[in-house]
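Every number here is computed from the coordinates shown, using simple stated rules; none is lab data. Given the structure is predicted, the values throughout are model-derived calculations rather than measurements. Here Cβ is always computed from backbone atoms with ideal geometry, including for glycine, and neighbour counts include all displayed protein chains.
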Amino acid sequence: MSHTIVVGYDGSDSSLRALDFAVDRAKSEKAELVVAHVLEWSPYSFLTPTELEERHKRRTEELERARKFVLEPLMKRLSDSGVKVATELRYGRSADTLCGIAVEKKASQIIVGRTGEGGLAARLFGAVAGSVAQIATVPVTIVP
Amino acid sequence: MTQFMKSAALAATGLVAASAPAMALTLDEKVNQVFASATGWFVNLIFSPFPGSEALLGYAFPWIVLWLVVAATIFTLYFGFVQFRAFPHSISLVKGDYSDPNDAGEVSHFQALATALSGTVGLGNIAGVAVAVGIGGPGATFWMILAGLMGMASKFTECTLGVKYRNEYPDGTVSGGPMYYMTKGFEERGLPLGKFMAILFSIFCILGALGGGNMFQANQAHAQITNVVGDYPGWITGIIFAGIVFAVIVGGLQSIAKVTEKIVPIMGVLYVATAIIILLINYDKIGWAFGQIFGGAFTGLGVAGGMVGALIQGFKRAAFSNEAGVGSAAIAHSAVRTKEPITEGYVSLLEPFIDTVVICTMTALVIIITGQLVSDPTTGLYMLNEAGNAIQTIDGNSGVALTSAAFSASFGWFKYILAIAVILFAFSTMISWSYYGLKAWTFLFGEGKNKELVFKIIFCIFVVIGAAASLGPVIDFSDAAIFAMAVVNIVALYLLMPIVKREMNSYMSRLKSGEIKKFH
């Protein structure tokens, strides 16, 4: 029976390693792969009046950019891997959104890289991988 | 919004004038003269007492206050007390319970509310309330809360229309506000003069933005800074402020504005939290304070003007603090992404609640409970000061100083926090009004980089003028302009309110039938 693996991808080196690992797993388990790219966003952040006005335009641009520079190159890269790949592009808090996608797609596991882009901020406020491990409802693999 | 803080600000502006360079002073005088003679009639018209009110009530009742309160009452009745019936639903909307997850990344209800609030929460909540309680006594609080509760219905009406009739451009940006519902809404209903009213509104909006939304704020921010660090020329503050405002609105340095947008709510929460702690420390007096508020609301407790005096002060304060009916909020709320304009109406009705019913009440309670107002121990009535125009306070304070003294009675360090809060509130109010003014400007003159730049530069120049000078007549005029916005806007709201009712009924029936679902 085929199953689904969700892998978090943000374009960083560690997320690339996570992706390679996920592709290997998917090949050997004959699983389908869902590559999730999350644009960090909180509906409770504060914006200026001008930002409110331009939000819809900016969102369209952000989605466009993510598709063009993150997901499309990725799909090209994975096209001859022999694995069935789908992509998900979402706004939200990275960890919550990844786990949400896993539930939605009835995934059997989640694979994420250990340090995404974030550096100091991630160290202070908790990295995505750690949060995913804490709140996920399916097994999580963290790739160093 | 600001007219009645002026008595509080008088001392401060006096200081500013004295410290301004000699040349600016003569310039001030010239500007004052020209302005006073050209605009005095307009100011007098807007703030003139209701005919006969002085003879009937023994107290001048500005008709503009009556205009706002009557409108709020009519909307409250017409929409069947929507502010109470829909209150829980408003909270779920702000929490995002009804937001489609596929729309994540768009402006949320919470964000629209927070931005609109940062435009209204400001000096009115700190200084204005102190003036109201100082003149009208504790009873003013009761009427202020009542007017705040009714003002929620005015906001509901104007913000629903703001979203419904906004313009959406091909590039995805939006423009909304009274000028758009006046033109498009009137056309839809086959009413004449929509364009004329929109133009009139835009003119008042630009003037209000430059005055009450800019010069007055800069002026008060400077007064606060000098209170803490000592006296220095106002143009220095003005140039620094103008520089920052310029960087934000012309340079597109949204990050600076974002920082204030973040700090302002924190300040607001800190302010309310401190007030609650002070109330808890004095918990044994809370019952007494409410006794004073209710007693004073109907008897006046010896306050100048008695019950009517308390009522007028309370109504004024609420109307001028939360801007319900003025139309500015309709501009701020119109950027939200929603398929149902009415949902933004529901969200916006929380604004007068937070601004007036919560924050203004906290200020009033702290002033009352810390015993700032002196009363006669034998009769229990409040004693008037020597001039006989306000209640005697323990240190003779009024306005911001009264609020500051009340809070500092429990926490000595609070005056520094308060000074920072006032400056930040002033800054965020300026940013909000620069936007409202710009929207009115582009409505009149069309969109375009250069046209917008002209307005933005004018706005920055007025920051310096506002901080450096004591321009009584100019500020009077710009205050009058803000309330002139309400005259035009409320006429439009009366004419368009059936549209809001239709939207409301349709939405409510779909909510009941389960067609509109919760996502979370």
Among the aspartates and glutamates, select those whose C-alpha is under 19 Å from the C-alpha of residue A:27, and discard any that sit fewer than 8 residues away in the same chain.
A:80
Express the relative contact order of the stretch A:4-143 as a whole percentage, based on alpha carbon pairs under 8 Å and six or more residues apart in sequence.
36 percent
To the nearest whole number, what is the average tally of beta carbon atoms from other chains within 10 Å of the beta carbons of peptide B:99-106?
6
Entries of B:95/B:517; A:84/A:106; B:164/B:316; B:95/B:518; B:195/B:439 with Cα pairs more than 18 Å apart:
B:164/B:316
With a/c under 1.5 counting as rounded, go ahead and sort the protein assembly as shown into rounded, prolate or oblate using the C-alpha gyration tensor (a ≥ b ≥ c being the square roots of the eigenvalues; past the cut-off, prolate if a/b is larger than b/c, else oblate).
prolate
Just for the protein assembly as shown, what percent of DSSP beta bridges are antiparallel, to the closest 5?
20 percent
Please give me the summed charge of the neighbours of residue B:77: other residues whose Cβ is under 15 Å from its Cβ, Lys and Arg +1, Asp and Glu -1.
+2
Cβ neighbours within 10 Å from other chains - mean over B:107-114:
5
Shielding of B:332-341 by partner chains, average beta-carbon count, 10 Å
2
For the stretch B:172-215, which trypsin sites (Lys or Arg not before Pro) are both in a DSSP coil and crowded by at most 15 other Cβ atoms within 10 Å?
B:189
Neighbour-count ranking [beta-carbon atoms within 10 angstrom, fewest first] of B:74, B:135
B:74, B:135
Please rank A:99, B:205, fewest neighbouring Cβ atoms within 10 Å first, as an exposure proxy.
A:99, B:205
Cut-off of 10 Å, at most 10 other beta carbons, DSSP loop: longest stretch of chain B lacking such GluC sites (Glu not before Pro):
B:1-385
As an exercise, identify the trypsin sites (Lys or Arg not before Pro) in the stretch B:315-376 lying in DSSP coil whose Cβ has no more than 11 other Cβ atoms within 10 Å.
B:339
Burial ordering of B:373, B:279, fewest other beta-carbon atoms within 10 Å first
B:279, B:373
Treating the angle as unsigned and between 0 and 90°, give the value, to the nearest 10°, between the Cα long axis of helix A:13-29 and the longest Cα principal axis of chain A.
40 degrees
On a C-alpha basis, how far is the centre of the stretch B:267-343 from the centre of the stretch B:368-406 in Å? Whole number, if you could?
19 Å
So what is the 222 nm mean residue ellipticity for the protein assembly as shown from helices alone, if each DSSP H run of at least 4 adds -39500 (n - 2.57) and you divide by all residues, rounding to the nearest 500 deg cm²/dmol?
-20500 deg cm²/dmol
The stretch B:420-520: which chymotrypsin sites (Phe, Trp or Tyr not before Pro) are DSSP loop and have at most 15 other beta-carbon atoms within 10 angstrom?
B:519
Sum up the charges of everything whose Cβ sits under 12 Å from the Cβ of residue B:409, counting Lys and Arg as +1 and Asp and Glu as -1, but leave residue B:409 out.
0
